[in-house]
Amino acid sequence: MNSMDHVDRTARPRLLVSVRTPTEVFAALEGGAEILDVKEPALGSLGRARASVVRAARAAAPQAVAVSAALGDSAGPGHLGGQTWRLEAAALPQRAARETPVAALLRLVAAGAGLLKVGTARMDTGSVDKTLRQLVEACSEVAEEGREVRLVAVAFADDREGAVGPAELADVAARAGCSGAMLDTLSKGHSILALLGDPFLRRWVAGVRDRGLLCGLAGSLSLGDVPSAAALAPDVIGLRGAVCRGGRTGHLSGELVRAARRALEGVEQ
């Protein structure tokens with residue numbers, strides 16, 4: 001059983017830290033990350049993870065630390081709305097440069113990911129429904145082989161009009177059979193807190209929980225934002241840029257991860 005199997009609604013939010021290399025895996029663990037989230041920032045907000053880094057994360061992390069992996073979103077160099085991924089050859093191994101979303105999920109699960117995040121950027125409800133159902137079905141097939149895998153749908157506060165947004169996400173995720181819903185941002189100029197505001201986010205968290213889903217908040221959160229985000233009582237708070245030297249594409253700092261963990265532990269629930 002890992003740390004994602006049960007959600008303690010009375011506990012503080014858990015700290016998810018996004019990593020892109022094996023070196024960052026160790027820095028995140030040293031700093032106290034509770035969920036290792038593998039992704040490639042150069043490929044977008046949810047740039048698809050490298051399987052090699054997922055393997056390194058699962059090998060290094062104790063069982064109490066969950067490993068998640070980003071499947072990608074349609075706003076990056078790859079896309080989910082069509083039949084295949086088309087990614088820059090320099091960013092991923094040759095064999096992964098053209099791959100269906102389901103194939104990508106199965107490969108990342110085989111590498112050790114127990115939680116998969118998939119973005120809904122620039123996709124309408126019909127496209128999102130179809131994609132999520134395909135991925136949930138793949139998760140169910142994996143479960144039949146004795147391994148639990150969870151899918152989390154991610155919407156973006158600054159997505160274009162017509163795409164599945166924060167207000168629709170909980171219903172869409174629940175209808176498809178996802179295990180969780182998370183909010184993020186595509187651009188990194190404004191935080192999720194500034195874009196959506198406290199009243200909306202409180203209602204959103206409550207709505208996600210009412211549907212029995214895991215609830216996560218991310219999106220340009222600074223270390224100073226951590227107490228405010230934690231006060232909204234999500235299950236997970238995700239950080240990348242705030243715990244890196246040089247921004248989200250820079251180098252992750254164990255010291256900054258430790259500061260984020262202290263900030264979370266100082267929040268009364």
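Annotations
- Normalised contact order of segment 201-269, rounded percent, pairs of Cα under 8 Å and 6 or more residues apart: 28
- Amide H within-cut-off set for VAL38, under 5 Å, with H built and near neighbours excluded: VAL19, SER68, ALA69, ALA70
- Among THR185, GLY207, THR249 - extreme Cα towards positive end, dipole of the chain, charges at beta-carbon: THR249
- Local net charge near VAL142, Cβ-Cβ under 12 Å (Lys/Arg +1, Asp/Glu -1): -2
- Reachable aspartates and glutamates from LYS130, criterion Cα separation under 15 angstrom, eight or more residues apart if same chain: ASP73, ASP171
- Positive contributions from Lys and Arg (+1) and negative ones from Asp and Glu (-1), summed over other residues with Cβ under 13 Å from the Cβ of GLY189, come out at +1.
- P(r) tail for the chain: Cα pairs beyond 25 Å make up 37% of the total.
- When the helices of the chain are scored as -39500 (n - 2.57) per DSSP H run of n ≥ 4 and the total is divided over every residue, the value at 222 nm lands at -11000 deg cm²/dmol.
- Cleavage-rule hits (GluC sites (Glu not before Pro)) in segment 176-269: DSSP loop, at most 16 neighbouring Cβ within 10 angstrom: GLU268
- Neighbours of ALA263, meaning other residues whose beta-carbon lies under 11 angstrom from its beta-carbon, give a summed charge of +2 when Lys and Arg score +1 and Asp and Glu score -1.
- Rounded to the nearest 20, the Cβ-based charge dipole of the chain about its Cα centre (Lys and Arg +1, Asp and Glu -1) stands at 520 debye.
Quick note: the coordinates plus some simple rules give every number you see, no bench work behind them. Everything quoted here is computed from the prediction, not taken from an experiment. Every residue, glycine as well, gets a Cβ built from its backbone with ideal geometry; the counts of neighbours run over all protein chains shown.
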